[in-house]
């Protein structure tokens, strides 16, 4: 699962980096790759893809699981920033309007196109399931031995 997610993330990151370096944009369907932070999003997604791919070998090792978690965190940050900016952009009414947006304008601000990180977000949440499984297999945390237990 994480190998496929890593390849997709790596491909999207490489595409965004190339588009960012050339100053071009790409839009197909409801997916859009454009904006002033396109290069940086590409670098982050490319790195996340590399973390996914390097973490799949010997997945039982806690260090490899940390790489997978780090890759997911990178996607969460990029997607979370975009969600936060969408929320903040939907509140003001615009230059000709009032202080607050109308209901129609508010809802229209959440329409497509979306950046690829928003589509990767639900697939990256699977890592939480694996963390829960790994936590259950290790058992309860043991005392570190530094203090006296009561």
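Please rank 1, 114, 52, fewest neighbouring Cβ atoms within 10 Å first, as an exposure proxy.
Details: 1 11, 114 17, 52 28.
If I rank by nearby Cβ atoms, fewest first, I get 1, 114, 52.
When all C-alpha to C-alpha distances in the stretch 2-137 are sorted into bins of 10 Å, what percent of pairs does each bin hold, rounded to whole numbers?
12, 36, 28, 17, 6, 1
Which one of 136, 23, 80 has the biggest mean-square fluctuation once the chain is modelled by GNM with Cα springs under 10 Å?
Looking only at 136, 23, 80, the largest GNM fluctuation is found for 136.
Sort 70-77, 31-38 by the packing proxy (mean of other Cβ within 10 Å over each peptide's residues), most packed first. Walk me through the numbers before you get to the answer.
Working: 70-77: 20.2, 31-38: 15.9.
Per-residue Cβ counts within 10 Å, averaged per peptide and sorted highest first, yield 70-77, 31-38.
Let me have the 222 nm mean residue ellipticity of the chain computed from DSSP H runs of 4+ only, each contributing -39500 (n - 2.57), with the sum over all residues rounded to the nearest 500.
On the way: 6 runs with 96 residues, N = 150.
That calculation yields -21000 deg cm²/dmol at 222 nm.
Expressed as a whole number of Å, what is the distance separating the alpha-carbon centroids of the stretch 1-68 and the stretch 112-132?
If we compute the Cα centre of each part, the gap is 12 Å.
Taking a quarter of the surface of the Cα convex hull of the stretch 30-106, what do you get in nm²?
Details: hull surface 28.7 nm².
So the Cα hull casts an average projection of 7.2 nm².
Expressed as an acute angle from 0 to 90° and rounded to the nearest 10, what is the orientation of the C-alpha long axis of helix 2-22 relative to the principal long axis of the chain?
With rounding to tens, the tilt is 40 degrees.
If I build a Gaussian network model for the chain, linking alpha-carbon pairs within less than 10 angstrom, which residue out of 125, 88, 53 has the largest mean-square fluctuation?
88
Pop a pseudo-label 7 angstrom from the Cα along the beta-carbon direction at both residue 30 and residue 108 and give the gap in nm to one decimal.
1.9 nm
What residue among 113, 92, 122 has the largest mean-square fluctuation in a Gaussian network model of the chain, using Cα springs under 10 Å?
Taking springs between Cα atoms under 10 Å, the residue moving most is 92.
Computed from the coordinates by the stated procedures, all read-outs in this text should not be read as laboratory data. No experiment lies behind these values; they were computed from the predicted model shown. Reconstructed Cβ throughout: ideal geometry from the backbone, glycine too, with neighbour counts over all protein chains shown.
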